[in-house]
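Taken together, the values in this text are just the output of simple stated rules run on the coordinates, not laboratory data. The model shown is predicted, which means the values in this text are computed figures rather than measured ones. Glycine also receives a Cβ, built like all others from the backbone with ideal geometry; neighbour counts cover every protein chain displayed.
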Amino acid sequence: MRDNYNSEIPSDLLTDDDASVDGVTMQFRDGMPMPATVASSYSEVDFHRAVSLFINMVPVASMEAIRLGVSQQFSGGKPEQNWMIFDNLMDSNSLYLTGNTDTVYAFCVLDLEKSGPVVIEVPPGCGPSTINDATFKFVTDMGAPGPDRGEGGKYLILGPNYDGLLKEVSNGEVADVDGENYFIAHTPTYTNLLPCRGLLVNGDPEPASTNFRNGIRAYALKDKANPPAMNWVNGSGLVHNTIHSNHASFYEEIHRAINKEPAEAFDPEVLGIASALGIRKGQPFSLHGPKREKFEDAAATASAYARAVAFAPRNPAAYLYSEEQSKWFTLFPEWDYRFLVDDGAGGTDMDSRLAFFYVATVNTPAMVWRIPGVGSQYAIIARDANGEWFDGDKTYTLRIPADVPAKNFWSFVIYDPQTRSMLQTPDQKFPSVNSMREDLRTDPDGSVLLTIGPQRPSEGAGNWIQTRPGKGWFAILRLYGPEEAWFDKTWRPGEIEPN
């Protein structure tokens, strides 16, 4: 080949006539791909593009699944009127990514394209509450961590089609609109999730539920003179799904979101990948025929990777006490809610972002605060002390040492690895234990020994969480109001030991 040139050509510029990659032969004629190689190249790259699109768009598909799952519980009304509330706490009937059993949820999904600017009134005493856009990016906090500081207030949510005088007012700032003061929140998308959380009072959800039902008001700004009544649906015990697909239909979910939202809300390169695969705003997308099989294979590959990074992270920084010492890990190894490495110098930690949104929802800076006594902290565990996945046929024990560094309370909840929702078992609709339980037994040294297994123990049932034979599980330890001993690691939970 070099004889065909007048000068020396570096060999790494040239393509051989025959090449083999992973057992696939590619053929060229003086660098020009033969027809079979053209076809196989397109197919191979389309597959990898579809895998990449899944990995990048899990947050978008997750929000779309929540929007659809919640909206199906209401027969009518405007989106801002329709609020799901868990008066009696969230249980395992509902499919929500790692929802907890220990705070009262109240939330709605806005559609600012339909409603225009929307007012959200939150009452005094509202716990950690947030607004996330259609890509699960943080918009603003409300309640305790928000600009109202738990005193309550009115928030004015302005969507991407807003072009008025408040355009230059930053999120969280107060502005006067027709004699009313509002905390301003601009969002780049029409769809927005507003989850509010209320803390239990001596283990009782009723005060938080009443506070939300009596104190939350939501209405379009144009309706403020005569706001319509709120529509509340109690989600406790309600069977419904809010989790995105792990199959080819995942791409239909993101097609709906791309079709709904402004193009500017998405990364243009990711949008370009979607467009190359036929997923484009304003255009139909169908999975009929051979196309479905290709997208099915891509979804299977991408979801396998998502499960790998979610349950067995390869970043050593994810392990709270090093993987050799402990199996407890965090989904925020960089301690940045934006998932940036070194404040952006290292780009986006795509594995951590994927892992987080594959098992969880709601994005707020409060999740990475390291302020003693404020907010909450989470530790995840998916393997026992021997490094094995948890087995629902086996019985395990977990020692929670004395003096748990939680100003408010701690809880331990187990989840189904398939749905990443609460584990469904025959006898327990709340697969959890928390420090407020009246029947929780504490040992003389102040520690608590939990039993996790399929059979109720002969004594200490308040310390038992049931598993389901034939199913695996994973768990999250939550500390509400984490104290210094958690951050400096002078206190740490025990490992989960098989009996």
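Peptides 358-369, 7-18, 128-139 ranked from most to least packed give 128-139, 358-369, 7-18, packing being the mean of other C-beta atoms within 10 angstrom over each peptide's residues. Between rounded, prolate and oblate, where does segment 284-426 land on the alpha carbon gyration tensor, with a ≥ b ≥ c its root eigenvalues, rounded for a/c under 1.5, else prolate if a/b exceeds b/c? Verdict is oblate for segment 284-426.
If each residue of separation counts as 0.36 nm, what is the full-extension length gain between SER20 and LYS489 once their alpha-carbon separation is subtracted? Intermediate results must be reported in sequence, preceding the final value.
Numbers: separation 469, 0.36 × 469 = 168.84 nm, distance 5.11 nm.
Going from the current span to full extension adds 163.7 nm.
Loop-located GluC sites (Glu not before Pro) in segment 158-217 (DSSP state not H, G, I, E or B) with no more than 15 neighbouring Cβ atoms inside 10 Å: GLU173.
Rounded to the nearest 20, the Cβ-based charge dipole of segment 2-47 about its Cα centre (Lys and Arg +1, Asp and Glu -1) stands at 120 debye.
Regarding the chain, what whole-number volume in Å³ per residue does the convex hull of its Cα atoms give? It would help to have the intermediate numbers written out before the result.
Working: hull volume 96.8 nm³, N = 499.
Per-residue hull volume (Cα only) is 194 Å³.
Here the residues LEU271, LEU423, ranked from fewest to most Cβ neighbours within 10 Å of their Cβ, fall in the order LEU271, LEU423.
Panel order for ARG338, ARG383, by other beta carbons found within 10 Å of each beta carbon, from fewest to most: ARG338, ARG383.
Once you put a point 7 Å from the Cα of ALA175 and another 7 Å from the Cα of ASN241, both along the Cβ direction, what distance in nm separates them? Inter-label distance under the simple model: 4.1 nm. Here's how it looks for LEU340: its modeled amide H is under 5 Å from those of ASP349, which are all 5 or more places away or on a different chain.
Order of VAL413, VAL122, VAL341, VAL70 from fewest to most other C-beta atoms within 10 Å? All intermediate terms of the calculation are to be shown ahead of the outcome.
Details: VAL413 24, VAL122 28, VAL341 17, VAL70 21.
If I rank by nearby Cβ atoms, fewest first, I get VAL341, VAL70, VAL413, VAL122.
Applying 0.36 nm per residue to the separation of GLN27 and HIS288 and subtracting their alpha-carbon distance, the gain on full extension is 90.8 nm. Restricting attention to segment 75-237, the count of lysine pairs at 8 or more positions apart or across chains with alpha carbons under 16 Å apart stands at 7.
Converting phi to 3J(HN,Hα) with the Karplus coefficients 6.51, -1.76 and 1.60 and the offset θ = phi - 60°, segment 56-66 yields 7, 10, 3, x, 5, 5, 5, 5, 5, 5, 5 Hz in sequence order, with x at every glycine or proline.
Considering only alpha-carbon pairs that sit under 8 angstrom and 6 or more positions apart, the relative contact order computed for segment 2-47 is 22 percent. For segment 412-426, backbone phi angles converted through the Karplus equation (6.51, -1.76, 1.60; θ = phi - 60°) give residue-by-residue couplings of 9, 10, 10, 10, 7, x, 5, 8, 6, 10, 3, 5, 8, 10, x Hz, Gly and Pro being listed as x.
Note on the chain: antiparallel DSSP beta bridges, both residues inside, total approximately 85 percent of the bridges counted.
For segment 254-294, a crude dipole built from +1 on the beta carbon of Lys and Arg and -1 on the beta carbon of Asp and Glu, taken about the Cα centre, is about 300 debye to the nearest 20.
Mind listing which GluC sites (Glu not before Pro) in segment 268-340 are in a DSSP loop and have 13 or fewer other Cβ atoms within 10 Å? Provide the component values of the computation, followed by the final result.
Values: sites: GLU269, GLU293, GLU296, GLU323, GLU324, GLU334; in loops: GLU323, GLU324, GLU334.
Passing sites in segment 268-340 are GLU324.
Translational D (Stokes-Einstein, µm²/s) of segment 12-143 at 37 °C and 0.692 mPa s when Rh comes from the Kirkwood sum over C-alpha pairs?
Numbers: Rh = 19.5 Å.
Once the numbers are plugged in, D ends up at 168 µm²/s.
Over the chain, DSSP H runs of length four or greater, each weighted -39,500 (n - 2.57), average out per residue to a 222 nm ellipticity of -7000 deg cm²/dmol.
Treat every Asp and Glu Cβ in the chain as -1 and every Lys and Arg Cβ as +1, leave all other atoms uncharged, and give the resulting dipole magnitude about the Cα centre to the nearest 20 debye. Let's see the in-between values first.
On the way: 42 positive and 65 negative charges, 276 e Å.
About 1320 debye.
Normalised by the number of residues in the chain, the average gap of Cα pairs under 8 Å and 6 or more apart makes the relative contact order 16 percent.
Whole-Hz Karplus values for segment 442-456 come out as 10, 6, x, 7, x, 7, 10, 9, 9, 10, 10, x, x, 10, 4 Hz, taken residue by residue from phi with 6.51 cos²θ - 1.76 cosθ + 1.60 and θ = phi - 60°; glycine and proline positions read x. Remark: relative contact order (segment 311-498) = 28 percent; criterion is Cα-Cα distance under 8 angstrom and separation of 6 or more residues.
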